[in-house]
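Participant: One structure follows; several queries about it will come next.
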Amino acid sequence: MSKIIIFYDEVCGLCDRFIRLSLKLVKSRPLEIRSLQQGLLNQDKQQYGLIDLNSIVVIIDGQSYLRSNAILELYKYTILKYPAIIAQYLIPLTIRDYIYNLVAQNRYQICQRIKKQ
């Protein structure tokens, strides 16, 4: 069983809450949490084909997922598996990513920045 790797914005309060919730919900596979601020290693960029680093990135079994797909793919490993699958098939990707981008653009207004020392 391979681990799930999550790259996220560690100074974003909303992102931090998402990570804490994910750590509680995902029990079936180990999670490795990495910060986008620390920068991805060139090896990670090449290995997973990562280009858009303004989004949460979830890597499962070597496949990378961005934006709304990242969240829904991750939640397939939780008790929210079936709602995630249903949302992925019923709501078109363009609409899901539009909502994701809207929240992402306003994430610091929704939840304050976390001051890292």
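Participant: In square angstrom, rounded to the nearest 10, how much accessible surface does Tyr82 have for a 1.4 Å probe?
Facilitator: Spelled out: Tyr82, probe radius 1.4 Å, area about 150 Å².
Participant: Now for a different question. For a quick protection proxy, order the peptides 83-96, 10-23 by their average other-Cβ count within 10 Å, most packed first. Let's see the in-between values first.
Facilitator: Numbers: 83-96: 12.7, 10-23: 16.5.
Sorting 83-96, 10-23 by mean packing, highest first, produces 10-23, 83-96.
Participant: At Tyr89 and Arg17, where each label point lies 7 Å from the Cα along Cα→Cβ, what is the point-to-point distance in nanometres?
Facilitator: That separation, rounded to one decimal, is 3.1 nm.
The values are calculated or read from the model by the stated rules, or taken from the named source; none is laboratory data. The shown structure was predicted, so the numbers you read here are calculated from the model rather than taken from an experiment. FYI the Cβ positions are ideal-geometry reconstructions off the backbone, even for glycines, and counts take in every protein chain you see. Remember, those area values only see protein heavy atoms, side chains included, never the ligands or the DNA or RNA. Shrake-Rupley method; radii C 1.70, N 1.55, O 1.52, S 1.80 Å.
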